[in-house]
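What follows is a set of notes on a single structure, which appears directly below.
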Amino acid sequence: MVTLYYSPGTASMVAHLALLELDVAHELRLVDLDAKAQKSPEYLRLNPSGVVPTLIVDGAPVCECAAIMLLLGERHADKNMAPQPGEAKRNTYLQWTLHLANTLQPAFRQWFYPADFGPAEQGDAMRAFAQKRIEAVWDRLDAHLATNGPHMLGEKFSLLDLYATMLMRWSRNMPKPADRWPALAALATRIKARPSWKRLYEIEGLTEWA
Ligand SMILES: N[C@@H](CCC(=O)N[C@@H](CS)C(=O)NCC(=O)O)C(=O)O
């Protein structure tokens, strides 16, 4: 049994979706971001960055949603949803996972939390720059999917598709949401049709971008 500290629709979504897809026994603990529960001393002991998600595995916390996704894919290799070392597409899997984690997610952080990056009066400029960074990733991702899709690894679904789609969802209220790019929209349609996506919406009480 693992325990996921989560908040609806946030970076914990990929971990939650992976648990559902892989059929891993888990319990959920809601972290109330509005009440700043993520900055409480108890939670900071688990996740010193004060963010969700955190997954408790074998009694120890694991942070960073991409790391949690990779870890679950390895621990449940029998479910065949993540290429293992030596398997085909492993390089593509790692490359895009790291690209999303290092490039796209920080740009979203800048979009949603500009105050973390500089003075309030520069907020609009920072968001405009974040938008450019995000759209540049959509351009690359769309080109990748148009040539190599329909999933991130081709015909076969992998956990990476959940990560990419979670991040696409975050752009839904931006001036140019990810699903304006045709190959991204096609991937999102596939992932939204999966039982895990529907189940997560029920559990987390989500409605937007269903
Ligand atoms: N690098 C972290 C970032 C996680 C993150 O930014 N989580 C956001 C929600 S999407 C959060 O907890 N925000 C609350 C806060 O920063 O106080 C990860 O990938 O797990």
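Quick notes on this structure:
- Identity of the residue in the stretch 32-57, open to solvent by 10 Å² or more (accessible area, probe 1.4 Å), assigned to a loop (DSSP other than H, G, I, E, B) and touching a helix residue (DSSP H, G or I) at 6+ places or on another chain (Cβ under 7 Å), that ends up farthest from M1 (Cα to Cα): V51
- Pairing residues of the stretch 195-210 that are under 15 Å from S12 (Cβ atoms) with residues that are open to solvent by 100 Å² or more (accessible area, probe 1.4 Å), at Cβ distances under 8 Å and at least 6 apart in sequence or on separate chains, gives Y201/T207.
- Matching entry among A186, A115 (being over 22 Å from L70 (Cβ atoms), open to solvent by 10 Å² or more (accessible area, probe 1.4 Å) and away from the ligand (no atom under 16 Å from the Cβ)): A186
- Residue selected from the stretch 1-47 under the condition within 12 Å of the ligand (Cβ to nearest atom) and of a type in the set (V, I, T), by the criterion nearest to M69 (Cα to Cα): V14
- Positions within the stretch 145-180 being in contact with a Phe, Trp or Tyr (Cβ under 6 Å, 6 or more places away or on another chain), over 19 Å from T92 (Cβ atoms) and not in a helix (DSSP H, G or I), in sequence order: R172
Listed here are the residues, each with its yes/no results for (1) part of a loop (DSSP other than H, G, I, E, B); (2) open to solvent by 80 Å² or more (accessible area, probe 1.4 Å); (3) not assigned by TED's automatic domain parsing to the domain that holds L162.
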| site | (1), (2), (3) |
| --- | --- |
| A67 | no, no, yes |
| A107 | no, no, no |
| E121 | no, yes, no |
| D124 | no, yes, no |
| A136 | no, no, no |
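The values are calculated or read from the model by the stated rules, or taken from the named source; none is laboratory data. This one's a predicted model, so the numbers in the text were calculated from it and none came from an experiment. Every residue, glycine as well, gets a Cβ built from its backbone with ideal geometry; the counts of neighbours run over all protein chains shown. The accessibility values were calculated without ligands, DNA or RNA, using every heavy atom of the protein model including side chains. Shrake-Rupley method; radii C 1.70, N 1.55, O 1.52, S 1.80 Å.
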